[in-house]
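The values are calculated or read from the model by the stated rules, or taken from the named source; none is laboratory data. Keep in mind that what you see is a predicted model, and the values were worked out from it rather than measured. Just so you know, the surface numbers come from the protein's heavy atoms only, side chains and all, with ligands and any DNA or RNA stripped out. Shrake-Rupley method; radii C 1.70, N 1.55, O 1.52, S 1.80 Å.
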Amino acid sequence: MDLGTRVALLLLLLLGLCNAHYDLVRKYSVKTISYFDTLDVIFSFILIGSTDFLLEGDMLIPRTRNAMKCLNSQYSCLWQKSSTTRNVEVPYVLSGKYGDAEKTTILGAMNGFATATCVRFIPRTTEVAYLSIEPRAGCSSLVGRIGDKQVVSLQRFGCVVHGIVQHELLHALGFYHEHTRSDRDQHIRINWENIQQDYTNNFYKMDTNNLNTNYDYSSIMQYGRTAFGITPDSETLTPIPDPTVPIGQTQGMSNTDILRVNRLYQC
C-alpha cells in the first residue's frame, strides 16, 4: 500500500470518528427541560467574566437526579461528613501531569474551601467515591457526588486558575450555574435570540434548591453577559431590573457561594 493510499484511509477513519462523535452529542444533547428522566445528560461549560476568556468543557453524563435535589433517598448526591472530624471530606487524586505551580494553584483553590467551610479535600487512599483531577480538554465537572470515580477536567492552559478551579469544584459539590437557578427569571433575562443555537442547553432553567439565598450576580457560578453569544458583543444575559449590574467574575467564591456551601452541607 503506497503512502498516498495510507493517508487517504487515515483521513477517512478520522472523518468517521468525528461523525460518530457528532452523532453521539446530537443524540444526547439536552433539547427539553427534563432533569428527572432516567437519562439526564449534563453539558458542563465554563464561560465566566469576559468574552476575552472563553473555555468550553463538555461531558455526556447519564444522571438519575438533580444534583441540588437528591431524588433518590437511597443514594446521596452529597459528599459525606466524617464521623470523627465532622468535616465533609472529598477524596481526590491529582494528576502527576501538572507542574508544581499548577498543583499549588489547585491546592490553593481547595484550601479556600477549608478556610471558609467545613468541606475538606483530602488525598484519596482507598475511597470508592473520589475526584480525579486531570488535564483533559477544557474545564468541566460532573455535578454532585456520583459514588464512584468522577473526573474534574482542568486543562493546563487556561483552566488552572484559582476561580475556575473553585467553579468546577462547586459543580462537584452539587451546584449548577447561577443563571439556571429556579427563580432566575426574576433577576436575569435570557436573550435567546442572541445565543448560539448549539449552546442553548446551557441556559435552561433548573429545579434547584436555592438554600434561602438571594440571586448573586457576583457568584463564581455566574456566566458573563455575553456567554455563548452569536457575536462577541451579543448580550445573552441581562440583569433585571437594573441592566447595568456587573455579572461574572473569575477571582473566586463570593460570600454567597460560601454561604450556600455551608448551608447545603450543614456546616
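Miscellaneous remarks
- Accessible area (Å², per residue) of region 106-230, counting only protein heavy atoms and a probe of 1.4 Å: 37 Å²
- Extension reserve of the PHE157-ASN111 stretch, reckoned as 0.36 nm per residue once the Cα distance is removed: 14.4 nm
- Mean projection area, nm², convex hull over Cα of region 145-267: 8.7 nm²
- Phi to ³J(HN,Hα) by Karplus 6.51 cos²θ - 1.76 cosθ + 1.60 over region 136-142, Hz, x for Gly, Pro: 7, 6, x, 10, 7, 7, 5
- Full extension of the chain between ASN210 and VAL128 yields a length gain of 26.6 nm, computed as 0.36 nm times the residue separation minus the alpha carbon distance.
- Rg over Rh, two decimals, region 196-244 (C-alpha only, Kirkwood Rh): 0.99
- Among beta bridges that DSSP assigns inside region 93-174, antiparallel share in %, nearest 5: 30 percent
- Part-to-part distance (alpha-carbon centres) for region 96-169 and region 202-261, which is given in Å: 22 Å
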